[in-house]
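Everything on this sheet refers to the single structure shown next.
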Amino acid sequence: MGPAEKPHRVRMTPGARRVLEAAERLFYERGIHAVGVDLIAAEAGVTKKTLYDRFGSKEQIVVEYLAGRDERWRDLLAGRLEAVADQGAAARVLAVFEASRAWAAEYGSKGCSMINAHAEISDPAHPAYPVITGQKRWMLDLFTRLTREAGGVDVGGANEGTGAHEGTGAVEGAGADRLARTLMLLHEGALVAHGLGVFPDPFGHALDQVRDLLEDGAAAGWGTPLG
């Protein structure tokens, strides 16, 4: 999510935190539309007046629920990426999938909260909509940066016009961007398959496919082959 898309957030008092903790559990387990403010207030042990005083609306609680999960996911992912920072871009790509596998096992029994929320919130005017779409754009941007790094492309635009280092060209950049979209599809598909439970360890299957893609890219002349 870019700076222009940052949602309005509320200050977390103890009462607001209890409301949010109850809402997070209920929204994820039952769905956003199926959960009303009466139930959230009752589960949190607060009055509806307290709920509205703290959040103003159910929509704002949804924003806090999704933005909070996104922040926790990014924190987990940052730690995983930092742990392999010196191992090259290919290792960092794999680390994203490994992080998602760990997150899904602990926090994602019903699949991706963003995908689930989008099934219920399709109106761009809803205040939570940019949280949902912004998180997915952020993931695509991350994959794009990592694949461009693997392909030798300077994402900072060192060579103005092509965005490539000397010795690399637009073909590598375009190929890296296509690979990023493919990685995004594998990642999102694994999230959905995990939530549905249609076959075991979808992230393990996705990781096998990612390794093949990265090996193919290395064989084509960009990036470092996986050891």
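The values are calculated or read from the model by the stated rules, or taken from the named source; none is laboratory data. Quick caveat: nothing in here was measured; it's all calculated off a predicted structure. Using ideal geometry, Cβ is built from the backbone for each residue, glycine included, and neighbour counts are taken over all protein chains shown. All accessible areas refer to the heavy atoms of the entire protein, side chains included, with ligands and DNA or RNA removed. Shrake-Rupley method; radii C 1.70, N 1.55, O 1.52, S 1.80 Å.
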Residues being open to solvent by 30 Å² or more (accessible area, probe 1.4 Å) and either closer than 29 Å to residue 216 by Cα or of a type in the set (A, V, I, L, M) (or both) - total across region 51-80: 5
Examine region 184-198 for a residue that is under 21 Å from residue 104 (Cβ atoms), modelled with pLDDT of 85 or more and not in a helix (DSSP H, G or I), and state whether such a residue exists. yes
Within region 118-150, which residues are in contact (Cβ under 8 Å) with a residue 24 or more places away in the chain and farther than 26 Å from residue 80 by Cα? 120, 121, 126, 127, 128
Quick test for you: out of 208, 177, pick the one residue that is open to solvent by 40 Å² or more (accessible area, probe 1.4 Å) and either modelled with pLDDT of 85 or more or assigned to a loop (DSSP other than H, G, I, E, B) (or both). 208
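Let's see how each residue does on (1) in a helix (DSSP H, G or I); (2) over 15 Å from residue 7 (Cβ atoms):
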residue	(1), (2)
99	yes, yes
102	yes, yes
105	yes, yes
124	no, no
131	yes, no
Go through the residues of region 87-95 one by one and say whether even a single one is without any contact (Cβ under 8 Å) to a residue 40 or more places away in the chain, part of a helix (DSSP H, G or I) and over 18 Å from residue 180 (Cβ atoms). no
Taking residue 121 as meeting all but one of (1) under 27 Å from residue 149 (Cα atoms); (2) surrounded by 15 or more Cβ atoms within 10 Å (Cβ to Cβ); (3) of a type in the set (A, V, I, L, M, F, W, C), write down the number of the exception. (1)
Is there any pair with a first residue in region 37-60 that is on the phi > 0 side of the Ramachandran plot and a second that is part of a helix (DSSP H, G or I) and open to solvent by 80 Å² or more (accessible area, probe 1.4 Å) whose Cβ atoms are under 7 Å apart and which are 6 or more apart or on different chains, and what are they? 45/18
